[in-house]
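One structure is given here, and the rest of the page talks about it.
Every number here is computed from the coordinates shown, using simple stated rules; none is lab data. No experiment lies behind these values; they were computed from the predicted model shown. Cβ coordinates were reconstructed from backbone atoms using ideal geometry, including for glycine residues, and neighbour counts include every protein chain displayed.
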Amino acid sequence: MAVAMEIPREYGYVVLVLVLYAFLNLWMGFQVGKARKKYKVPYPALYALESENKDAKLFNCVQRGHQNSIEYMPVFFVTLLLGGIQHSLVASVLGLFYTVARFLYFKGYASGVPENRLKFGGLNFLALLGLIFCTASFGINLLLRGVL
């Protein structure tokens, strides 16, 4: 049975949060590029070797901060976009919170002290959990539409 639905006007906020995160991801990528030059880590090396580069840990922290954000991007995008269909305002606030927390996560990691990533940046996991709940609620409501 097909379910017809309208995308609410407020879904535009969800889309704009996704665009904001895309810009954050580009910015983090530029930070990695700058760190490559600063710490002399040539392509195609993904990480610097401590045995070959005295600044390896500093570069690797910048690289890892960006890489970790990329690893979580698919889950963030899918839960933001799907959960936002039914819970547009909640999902956009959670998505904005996630984006800010990811920025803080990156800045903390890029400081060269990996533990700094969790000071405030670790809050991104709360936002992601909220988005997972929004998406689960959307899925459950889709299934219940045919029953009620």
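What to note about this one:
- For the range 21-63, trypsin sites (Lys or Arg not before Pro) meeting the loop criterion (DSSP other than H, G, I, E, B) and having at most 14 other Cβ atoms within 10 Å: Lys40, Lys54.
- With both labels modelled 7 Å from their Cα along Cα-to-Cβ, the Leu143 to Leu16 distance reads 3.4 nm.
- Neighbour net charge for Phe120 - beta-carbon separation under 15 angstrom, K R +1, D E -1: +3
- In loop segments of the range 84-148 as defined by DSSP, the trypsin sites (Lys or Arg not before Pro) with at most 14 further C-beta atoms inside 10 Å of their C-beta are Lys119.
- Most mobile listed residue (Leu20, Leu131, Leu104) in the chain, GNM with C-alpha springs under 10 Å: Leu20
- For the range 1-102, the set of GluC sites (Glu not before Pro) satisfying both a DSSP loop assignment and a count of at most 14 other C-beta atoms within 10 Å is given as Glu6, Glu10, Glu50, Glu52.
- For the chain: lysine pairs under 22 Å (alpha-carbon distance), excluding those fewer than 8 apart on one chain: 16
- Only one residue of Leu104, Gln86, Gly130 has its Cα farthest out toward the positive end of the dipole of the chain, where Lys and Arg carry +1 and Asp and Glu -1 on Cβ, and that residue is Leu104.
- Relative to the dominant Cα principal axis of the chain, helix 88-110 is inclined by about 10°.
- With R₀ fixed at 22 Å, the C-beta to C-beta distance from Phe23 to Tyr43 puts the FRET efficiency at about 0.40.
- Neighbour counts of other Cβ atoms within 10 Å put Ser137, Ser88, Ser51 in the fewest-to-most order Ser51, Ser137, Ser88.
- By the count of neighbouring beta-carbon atoms within 10 Å, fewest first, Arg64, Arg9 end up ordered Arg9, Arg64.
- About its Cα centre, the dipole of the chain is roughly 540 debye, where the only charges are +1 on Lys and Arg Cβ and -1 on Asp and Glu Cβ.
- Taking one quarter of the surface of the convex hull spanned by the alpha-carbon atoms of the range 16-145 gives a direction-averaged projected area of 8.3 nm².
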